[in-house]
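The block underneath contains the structure these notes are about, expressed in structure tokens.
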Amino acid sequence: MDTLLKTAQVLTGDSRIKFLKLLDTESMTVNQVCEMLELKQSTVSKHLSILKNANLVSLQKEGPVHYYSLETKPINHCNLLLLEIVKKLEL
């Protein structure tokens, strides 16, 4: 349950959810995310850092280029926890 609460806190608002949706299709650099979402680099870097600290995205370094990608395991875990909660509420 702790994981679910922490994840929910990280995903408040729709900005970071947009990041996850982008990274669901492919790994991207900060600059690519900036272009896609039309945001400043400092804003994108801040949000990606928060998502990385929450283990929702991972970082791979290839020389000077840093690629971010979606970590599906924690998200799947949260989905299962949410399903359990919903089942309990249906009783």
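The values are calculated or read from the model by the stated rules, or taken from the named source; none is laboratory data. From a predicted model like this one, the values you see are computed outputs, not experimental measurements. Note: ideal-geometry Cβ built from the backbone for every residue, glycine included; neighbour counts use all protein chains shown.
In the set (1) over 12 Å from the mean Cα position of the chain (by Cα); (2) farther than 30 Å from Val86 by Cα, Thr25 fails one condition alone, (2). Among the residues of segment 1-15, just one is part of a loop (DSSP other than H, G, I, E, B) and either among the β-branched types (Val, Ile, Thr) or in contact with an Asp or Glu (Cβ under 7 Å, 6 or more places away or on another chain) (or both), namely Thr12. The C-beta contact set for segment 17-40 (first residue farther than 15 Å from Leu59 by Cα, second residue part of a loop (DSSP other than H, G, I, E, B) and among the hydrophobic types (A, V, I, L, M, F, W, C), distance under 6 angstrom, 6+ apart or interchain) comprises Ile17/Leu11. Just to be sure before I move on: is Val65 at pLDDT 75 or above, surrounded by 12 or more Cβ atoms within 10 Å (Cβ to Cβ) and among the aliphatic types (A, V, I, L, M) in the structure I sent? Criteria not met by Val65. Can you pull out the residues in segment 16-58 that are in contact with a strand residue (DSSP E or B) (Cβ under 9 Å, 6 or more places away or on another chain) and outside any helix (DSSP H, G or I)? Hits for segment 16-58 are Glu26, Ser27, Met28, Thr29, Leu56, Val57, Ser58. Restricted to segment 1-53, and to residues there that are more than 16 Å from Leu70 (Cα to Cα), among the hydroxyl-bearing types (Ser, Thr, Tyr) and loosely packed, with under 12 Cβ neighbours inside 10 Å, the residue that is modelled with the highest pLDDT is Ser42.
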